[in-house]
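To keep things clear, I will list the structure first and then write my remarks on it.
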Amino acid sequence: MSTLARALAGSWSLVSYLTCGDDGTIDYPLGKDAVGLLVYSPDAHMSGHLMRSGREPFRTQRTQPVARSGTDAEIRRAFDDIFGYGGSYTVDEERSEVHHHLQVCVIPGWEGRTLSRFVDLSDDGAALTLTTGPRVTGGVRQRAELRWRRPARGNRG
């Protein structure tokens, strides 16, 4: 296991998720209080989930594990308020990058993609910042920045 992979291994809680535009705009796609969990396993698998904090439950609760519930509007809002995927990962020590190889994803059709993130570890390995390469969204070139922190031992929230 590489040094970078060893440093990433374990679980991480989201501190913030924001996008920074080349035009100076800063946006919080899931709100300033978004929550998330990122897990890197020692056997090179990973899973990451982000969601808007304080999501409202569906009015019609599920009665079975895979039965549909919620109105079309509730389902749309729920889909818009969460993002997640899982698969394997590889690291590039020289470039300080992690590559997420998607096997499952909330967004249909993203399976098989590889998403690359620049890695910055600080605070003796207790803080992690993952940054995307530039992309154009709404005509503005921007990068996404996800800040993570190791959860306190025994913290379930």
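The values are calculated or read from the model by the stated rules, or taken from the named source; none is laboratory data. This one's a predicted model, so the numbers in the text were calculated from it and none came from an experiment. Cβ atoms come from the backbone with ideal geometry, glycine included; neighbour counts cover every protein chain shown.
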Selection over region 42-62 where residues are surrounded by 15 or more Cβ atoms within 10 Å (Cβ to Cβ), at pLDDT 95 or above and either touching a Ser or Thr at 6+ places or on another chain (Cβ under 7 Å) or under 18 Å from Leu121 (Cα atoms) (or both) yields a count of 3
Between a residue in region 70-83 that is free of Cβ contacts under 8 Å to residues at least 24 places away in the same chain and any residue that is in a loop (DSSP other than H, G, I, E, B) and among the hydrophobic types (A, V, I, L, M, F, W, C), which pairs come within a Cβ distance under 7 Å, given they are 6 or more apart or on different chains? Gly70/Phe58; Glu74/Phe58
Which residues, counting only those in region 108-157, are more than 17 Å from Leu14 (Cβ to Cβ) and polar (S, T, N, Q)? Thr114, Ser116, Thr137, Gln142
Residue among Gly54, Gly70 that is assigned to a loop (DSSP other than H, G, I, E, B), within 27 Å of Thr25 (Cβ to Cβ), of a type outside the set (Phe, Trp, Tyr) and out of contact with any Cys (no Cβ under 8 Å at 6 or more places or on another chain): Gly54
If you go through Leu30, Leu38, the only one that is in a loop (DSSP other than H, G, I, E, B), at pLDDT 95 or above and under 14 Å from the mean Cα position of the chain (by Cα) is Leu30
Lone qualifier among Gly112, Gly84 - being surrounded by 15 or more Cβ atoms within 10 Å (Cβ to Cβ) and of a type in the set (Gly, Ala, Ser): Gly84
One residue is enough: does region 118-129 have a residue meeting the conditions farther than 15 Å from Leu4 by Cα, buried (at least 16 other Cβ atoms within 10 Å of the Cβ), under 13 Å from the mean Cα position of the chain (by Cα) and modelled with pLDDT of 95 or more? no
Say whether the condition of being among the basic types (Lys, Arg) and more than 20 Å from the chain's Cα centre (by Cα) is met by at least one residue in region 73-80. no
Which listed residue, of Val91, Val136, is free of Cβ contacts under 8 Å to residues at least 40 places away in the same chain and part of a strand (DSSP E or B): Val136
